[in-house]
1. Provide the descending list of Cα extents for segment 141-184 along its principal axes, expressed in whole angstroms.
2. I need the peptides 164-177, 114-127 ranked by packing, meaning the mean over residues of other C-beta atoms within 10 angstrom, with the highest value on top.
3. Which pairs break 19 Å Cα to Cα here: Lys33/Lys121; Lys11/Lys113; Lys35/Lys178; Lys35/Lys113?
4. Neighbour counts of other C-beta atoms within 10 Å: give me Ile131, Ile13, Ile154 arranged from fewest to most.
5. Hey, how much of the P(r) for segment 1-62 falls beyond 19 Å, as a percent of Cα pairs?
6. For Lys195 paired with Ile172, estimate the spin-label separation in nm (one decimal), with each label point 7 Å from Cα along the Cα-to-Cβ line.
7. Please list, ordered by chain and number, the residues whose modelled amide H lies under 5 Å from the amide H of His159; skip anything fewer than 5 residues away on the same chain.
8. With θ set to phi - 60° and the Karplus curve 6.51 cos²θ - 1.76 cosθ + 1.60, what are the ³J(HN,Hα) couplings of segment 187-198 in order, to the nearest whole Hz, using x for Gly and Pro?
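Values in this text are rule-based calculations from the coordinates and carry no lab data. Only a predicted model underlies this, so the values are computations on that prediction, with no experimental measurement involved. Positions of Cβ are backbone-derived with ideal geometry, glycine not excepted, and every protein chain shown enters the neighbour counts.
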Amino acid sequence: MNLEDIETALKKIDKKSFSFCYEYGELTVTIPKDKIRQVCQALKKSCQFEQMMDLTGVDYLHYGLAEWKTDRASSTGFSRAVSDISSGKIGEILSKYNPSERFAVVYHLLSLKRNLRVRLKVLLSEMDLHIESIHDIYPSANWYEREAYDLYGIIFDNHPDLRRILTDYGFIGHPFRKDFPLSGEVEMRYDSELKRIVYEPVEIEPRILEPKVIRHDARYGAAPEPAPKQEKK
């Protein structure tokens with residue numbers, strides 16, 4: 001069995017609403033959220049994907065819109081960013097923003113027997129961030145789903161213990177959302193007089209969230225070589 005056979009098997013579940021993408025020798029399948037349990041069960045039982053290696057959330061807010069463009073800066077594999085907020089494409093990109101596809105849940109499945117990996121992607125609306133839990137199919141999903149809930153606010157229905165796992169129990173908001181301020185909503189400190197932790201308004205000035213340095217991933221090919229310098233006459 002290869003990745004094409006996996007695609008054939010999944011098309012038997014739903015041929016019309018599934019989309020398949022092959023990149024870097026891996027298969028990504030985008031499916032509607034009401035099919036997630038059926039697809040996971042089929043992959044585990046019929047295709048022998050015994051392990052779920054990872055589950056994460058994604059926020060596509062402002063996807064494709066960046067305040068920085070990159071040019072190769074040195075032979076170290078790093079790119080230095082420069083400001084580019086005056087681009088005329090900003091309005092065009094924002095006009096294509098679809099709130100029904102702002103968030104996604106991404107699942108990485110592994111078949112040890114077949115040495116194959118499959119990535120599942122489920123798009124979610126920012127107005128309806130509910131999706132069925134798969135903790136009973138892949139037990140490793142338990143903590144991953146709690147993490148996605150904590151950091152993105154994605155709600156996994158029928159999860160046995162859906163509560164925050166990385167932030168404080170009294171934390172406000174979801175810090176991995178693109179519209180969450182980098183400095184946070186509040187800051188906390190220990191008050192020696194009150195003998196407890198107190199929360200106060202944050203005093204740090206907000207900063208731009210866009211990355212200023214981008215590292216090329218050597219797994220997917222070498223970074224382009226810098227243009228040769230022209231000798232001065």
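1. 32, 19, 13
2. Values: 164-177: 13.6, 114-127: 16.9.
The densest-packed peptide leads the list: 114-127, 164-177.
3. Working: Lys33/Lys121 9 Å; Lys11/Lys113 22 Å; Lys35/Lys178 27 Å; Lys35/Lys113 25 Å.
Long pairs (Cα-Cα over 19 Å): Lys11/Lys113; Lys35/Lys178; Lys35/Lys113.
4. Values: Ile131 20, Ile13 14, Ile154 25.
Exposure proxy ranking, most exposed first: Ile13, Ile131, Ile154.
5. Values: 636 of 1891 pairs.
Tail of P(r) above 19 Å: 34 percent of Cα pairs.
6. In this crude label model, Lys195 to Ile172 measures out at 2.7 nm.
7. So His159 has HN proximity to Ser133.
8. 10, 10, 8, 8, 8, 5, 7, 7, 6, 7, 7, 10
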